[in-house]
Amino acid sequence: MERLGRKWGRAKLPKLGWVTFRWSRPLGGEIRSATVSRKGGHWFVSFLVNDQATTPEQHAMPDTVAGIDWGVKTAAVTSDGEFFDRPFITAGETARCRRLQQQLARTTKGSANRAKVRAHMNKIMGRVAGRRADFCAVTAAHLTAKNAFVVLEDLKTRSMTASASGTLAEPGSRVARYTGTRVVKVNPAYTSQRCSACGFVTGGNRESQAVFRCKAAGCGHTAHADVNAAINIRHAAGHAVSACGDLGNSRSVKQEPVSRATGRTPT
Ligand SMILES: [Zn+2]
């Protein structure tokens, strides 16, 4: 591989020969492999590099723990009361998608016109997916820098909203590798209905999407519903720790970069 200037580079790939690409970011290490993929009508080449970074034995702030509520409404809320959110799709893109959807319904199956409308939709959705991925990476970097332990709900056991939350992905282990943060997953049962102050559980505690107000006599604890849930998630990790004795057991951080293969080749 070689650099062709400030913005361009070229790489010699098997079967393809020399391929020119726009050099979008510094590599920061020795190249191990290259992957070519296609998204929203564009081709991408990504390089897996060995950056020589090792996972620290201990986080810079070893006593820090945050519970995270990955929601549907707000993207992520922490037990410290931090909110992470951003729109992924613009109003203009939403309107355009709706129009394209209508156009698609009027086309005939297998027609060139239908393929064109599809391609247009995929292009927009590709941009949306890119923003989402960027948001997840930035949020994960922030959370792992600040916390030695990040506690998440194990979404496999929350089937009802899994499809909605699943689209957000989780704070990446890729980032945790640099800080030594350990990711702990807990059972999400009752995290939104339990009072984080007194432990009382009832569906009535959650007054609305945003407001939590404890109905237990003599408590009356009020909080933002997502923050209350995030605190419960953090508490649940405490139980998980005493149950298995060692938090190290729940470590889900990858130590070594893993090569990815897309199975797709350019045509
Ligand atoms: Zn209470």
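Each reported figure results from applying straightforward, stated rules to the coordinates on display, with no laboratory input. Everything numeric here is computed off the predicted structure, so don't read it as measured data. Ideal geometry is used to build each Cβ from the backbone, glycine not excepted, and the neighbour counts take in all protein chains shown.
Mind running the shape call on the stretch 1-144? Use the C-alpha gyration tensor, a ≥ b ≥ c as the square roots of the eigenvalues: rounded below 1.5 for a/c, prolate if a/b tops b/c, oblate otherwise. Can you show the working numbers first?
Details: a/c = 3.06, a/b = 1.16, b/c = 2.64.
Here the stretch 1-144 falls in the oblate category.
Near Glu207, within a Cβ-to-Cβ distance under 12 Å, what is the net charge of the other residues, with Lys and Arg +1 and Asp and Glu -1? Local charge sum for Glu207: +3. Taking θ as phi - 60° and the Karplus parameters 6.51, -1.76 and 1.60, the scalar couplings of the stretch 137-151 work out to 5, 5, 4, 4, 4, 5, 5, 6, 5, 8, 9, 6, 10, 10, 9 Hz in sequence order, x denoting glycine and proline.
Modelled label positions at Arg127 and Tyr190, each set 7 Å beyond Cα in the direction of Cβ, lie 4.7 nm from each other.
Were the residues from Ala210 through Arg118 laid out at 0.36 nm apart, the gain over their Cα-Cα distance would be 29.4 nm.
Shown in residue order for the stretch 219-232 are the 3J(HN,Hα) couplings computed by the Karplus curve 6.51 cos²θ - 1.76 cosθ + 1.60 at θ = phi - 60°: 9, x, 4, 10, 7, 5, 4, 6, 5, 4, 5, 5, 5, 4 Hz (x for Gly and Pro).
With charges only on Cβ, +1 for K and R and -1 for D and E, what is the dipole size of the stretch 6-61 about its Cα centre, in debye, rounded to 20? All intermediate terms of the calculation are to be shown ahead of the outcome.
Numbers: 10 positive and 3 negative charges, 118 e Å.
Once rounded to the nearest 20, the dipole reads 560 debye.
Full extension of the chain segment joining Thr222 with Thr108 gains 35.5 nm, where the gain is 0.36 nm per residue of separation less the Cα-Cα distance. Close amide H partners of Gly67, meaning residues 5 or more places away or on another chain with modelled amide H under 5 Å apart, are Ser79, Asp80, Val151, Arg234.
The overall shape of the stretch 1-52 is rounded: from the C-alpha gyration tensor, with semi-axes ordered a ≥ b ≥ c, the ratio a/c is less than 1.5.
Placing pseudo-labels 7 Å out from each Cα toward the beta carbon at Ser33 and Cys198 gives an inter-label distance of 5.6 nm.
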